[in-house]
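Q: Structure provided below as structure tokens; questions to follow.
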Amino acid sequence: MRTVVLFLFFLILSGCSLNTLFVPGEINKVTVVKCSSYMKHHRAYFTRTELEMIKEDQKYLYLYHEKEKDLGLLLHRKNQYILYNLSKPKQPELILHAGPKTTYSYVVRSFKRKGFTPITSLDTVGAIVSIAPRRYKGVKTLLVEFQDYSPLQELYRQAIRTYNANRVKNIQTKLPKHFVYDYYRRYENRAKTQTQLDQLQIIAQKLQIKTQEEIYTYYLNEASLDALSAYIVQKDTRASLTYRQYKMLKRRKKSLQEEKLFNEGSLEDLIAAYKINKNPKYKKRIMSLMKDQQENQ
């Protein structure tokens with residue numbers, strides 16, 4: 001018992017908190033949940049007690065390596081910027097040592113030299129990432145769920161642009177349709193023969209791509225914030241919708257933005273929002289974040 005007490009005392013003197021005493025290999029590491037030829041599902045728990053802002057109110061940033069087709073998650077802890085490779089769990093993390101005067105532009109340039117650049121839309125690379133605060137074995141973490149559909153996305157793109165449904169006919173893995181929806185519509189408009197349209201129709205049935213009314217229903221009820229925002233700014237969107245439909249999509253976009261702010265926004269942003277909306281839910285969230293900050297001090 002005396003040995004255990006001395007060990008804990010040594011760790012505390014060394015700058016470690018009890019919150020960082022976790023089982024090695026389980027936290028701050030990307031692990032494989034599922035892997036196939038068409039889709040990969042990876043998961044990670046990252047400690048969040050010592051996370052610092054990367055840019056304004058962002059505690060994490062997505063970086064993408066175009067040549068290697070790798071998606072990375074950048075976190076900032078004390079004097080280090082750490083890039084975890086979500087696509088390849090066995091790949092060691094990239095570490096950039098930094099100081100108080102290190103700027104965001106310097107960080108971006110440094111990782112760009114290693115091939116990684118910021119990416120704003122995960123849809124373009126066939127990725128779905130969800131991030132949420134979770135307690136894991138008593139440790140405050142960020143739970144990251146990463147799904148990579150890029151191989152399947154490319155197969156569907158090949159089938160669409162060659163008007164050849166046989167390329168995907170026997171594939172059982174389902175591809176979320178928003179990954180190729182715009183691509184499909186583009187080649188649908190370019191089709192010159194009935195045979196090409198017939199092939200596209202087979203592909204559309206597998207993807208469950210719908211009529212214009214069903215498309216509107218999808219963006220109104222199911223689409224992510226990124227997908228909805230991209231759809232709204234398209235040139236043809238406004239002309240294909242009624243005034244009421246367009247207004248409803250704008251309203252849902254605002255709702256999704258508020259939801260993102262509530263779940264991922266900084267304490268300062270939530271306080272600013274609460275001063276305007278006076279929503280009790282925001283007050284509860286603010287109090288929870290303030291309590292977390294006090295516990296971490």
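Q: Among the residues of region 91-101, are any surrounded by 19 or more Cβ atoms within 10 Å (Cβ to Cβ) and in contact with a Leu (Cβ under 8 Å, 6 or more places away or on another chain)?
A: The answer is no, given that none of the residues of region 91-101 is surrounded by 19 or more Cβ atoms within 10 Å (Cβ to Cβ) and in contact with a Leu (Cβ under 8 Å, 6 or more places away or on another chain).
Q: Here is a follow-up. Is it the case that region 197-219 has a residue that's within 18 Å of the chain's Cα centre (by Cα), without any contact (Cβ under 8 Å) to a residue 24 or more places away in the chain and in a loop (DSSP other than H, G, I, E, B)?
A: Start the filter on region 197-219 by keeping residues that are within 18 Å of the chain's Cα centre (by Cα), which leaves none.
Checking region 197-219: not a single residue is within 18 Å of the chain's Cα centre (by Cα), without any contact (Cβ under 8 Å) to a residue 24 or more places away in the chain and in a loop (DSSP other than H, G, I, E, B).
Q: Can you find a residue that is more than 26 Å from Leu289 (Cβ to Cβ), touching a His at 6+ places or on another chain (Cβ under 6 Å), at pLDDT 85 or above and open to solvent by less than 90 Å² (accessible area, probe 1.4 Å) anywhere in region 225-233?
A: Scanning region 225-233, I find at least one residue that is more than 26 Å from Leu289 (Cβ to Cβ), touching a His at 6+ places or on another chain (Cβ under 6 Å), at pLDDT 85 or above and open to solvent by less than 90 Å² (accessible area, probe 1.4 Å), so the answer is yes.
Q: Another question about this same structure. List the pairs whose first member sits in region 114-131 and is within 12 Å of Ala227 (Cα to Cα), whose second member is open to solvent by 30 Å² or more (accessible area, probe 1.4 Å) and modelled with pLDDT under 95, and whose Cβ atoms are under 7 Å apart, counting only residues at least 6 apart or on separate chains?
A: Ser121/Asp226; Ser121/Ala230; Leu122/Asp226; Asp123/His178; Asp123/Asp226
Q: Can Gly115 be described as on the phi > 0 side of the Ramachandran plot and either open to solvent by less than 70 Å² (accessible area, probe 1.4 Å) or of a type in the set (Val, Ile, Thr) (or both)? Walk me through how you get there before you give the answer.
A: Details: on the phi > 0 side of the Ramachandran plot: yes; either open to solvent by less than 70 Å² (accessible area, probe 1.4 Å) or of a type in the set (Val, Ile, Thr) (or both): yes.
When the stated conditions are applied, Gly115 passes them.
Q: Can you name the residue in region 241-275 that is open to solvent by 90 Å² or more (accessible area, probe 1.4 Å) and farther than 25 Å from Leu228 by Cα and is also nearest to the chain's Cα centre (by Cα) among such residues?
A: The residue in question is Glu268.
Q: Which condition number in (1) at pLDDT below 75; (2) open to solvent by less than 100 Å² (accessible area, probe 1.4 Å) is the one that Gln297 fails?
A: Among (1) at pLDDT below 75; (2) open to solvent by less than 100 Å² (accessible area, probe 1.4 Å), Gln297 violates only (2).
The values are calculated or read from the model by the stated rules, or taken from the named source; none is laboratory data. As the structure is a computational prediction, the values presented were derived from the model and not from experiment. We place every Cβ from the backbone using ideal geometry, glycine too, and count neighbours over all the protein chains shown. Ligands, DNA and RNA are stripped out before the accessible areas are found, and what is left, the full protein with its side chains, is counted by its heavy atoms. Shrake-Rupley method; radii C 1.70, N 1.55, O 1.52, S 1.80 Å.
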